[in-house]
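The next block holds one structure in the form of structure tokens; read it before the comments.
Bear in mind these aren't lab numbers, they're just calculated from the coordinates by the rules spelled out. This one's a predicted model, so the numbers in the text were calculated from it and none came from an experiment. Please note: Cβ atoms are built from the backbone with ideal geometry, for glycine as well, and neighbour counts cover all protein chains shown.
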Amino acid sequence: MEIVIFAERFKNGIWKAWEHTCSDEELAAVEDSARAKAQNRLSFGPPLPADYLEGARYIFNVAFGPQDNPRDGDTRVNGVCVDGVVVGVLQKLGRHFADPQQAA
């Protein structure tokens, strides 16, 4: 399984798009968190894609500073790609999937 995190990370005074392919350890943590989210939602069945998004948020969302004064390293997960299936907030994922030809 491959999991890619799509997030915004605060660095040098601005929020920047951040993409991260999970290591084996991170993959296991996100899977465990997704299973826990699925169990909270249902008493049976495998995690749904939305459970992986919530699991990734649980593992990767970080706030070192308050919302009105973020600090370097603050991270907000907006989406996750699990084996080619992307789940997330469309408006926040635009910069990850924008066509560089149109941006010019």
Inset, instruction - Estimate the FRET efficiency between Trp15 and Asp83 by the formula 1/(1 + (r/R0)^6), using the beta-carbon distance for r and 30 Å for R0, to the nearest 0.05. - result: 0.60
Inset, instruction - Sum up the charges of everything whose Cβ sits under 12 Å from the Cβ of Glu54, counting Lys and Arg as +1 and Asp and Glu as -1, but leave Glu54 out. - result: +3
Legend entry - Nitroxide proxy distance, nm - points 7 Å out along Cα→Cβ at Val62 and Gln39: 2.7
Inset, instruction - Please report Lys16, Lys11 as a ranked list, fewest other C-beta atoms within 10 angstrom at the top and most at the bottom. - result: Lys16, Lys11
Inset, instruction - Determine Rg/Rh for the range 3-103; Rg is computed over alpha-carbon atoms and Rh is the Kirkwood hydrodynamic estimate from the same atoms. - result: 1.01
Inset, instruction - Note the angle between two axes, namely the Cα long axis of helix 49-60 and the longest principal axis of the Cα atoms of the chain, as a number of degrees from 0 to 90, rounded to the nearest 10. - result: 60
Legend entry - Nearby lysines by direct alpha-carbon distance to Lys37 (threshold 29 angstrom, same-chain neighbours under 8 apart not counted): Lys16, Lys92
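Once a ≥ b ≥ c are taken as the square roots of the eigenvalues of the Cα gyration tensor of the range 1-60, is the result rounded (a/c under 1.5), prolate (a/b larger than b/c) or oblate (a/b not larger than b/c)?
It is prolate, given that a/c is not under 1.5 and a/b is the larger ratio.
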Legend entry - Residue order, fewest to most surrounding Cβ atoms within 10 angstrom, among Thr21, Thr75: Thr21, Thr75
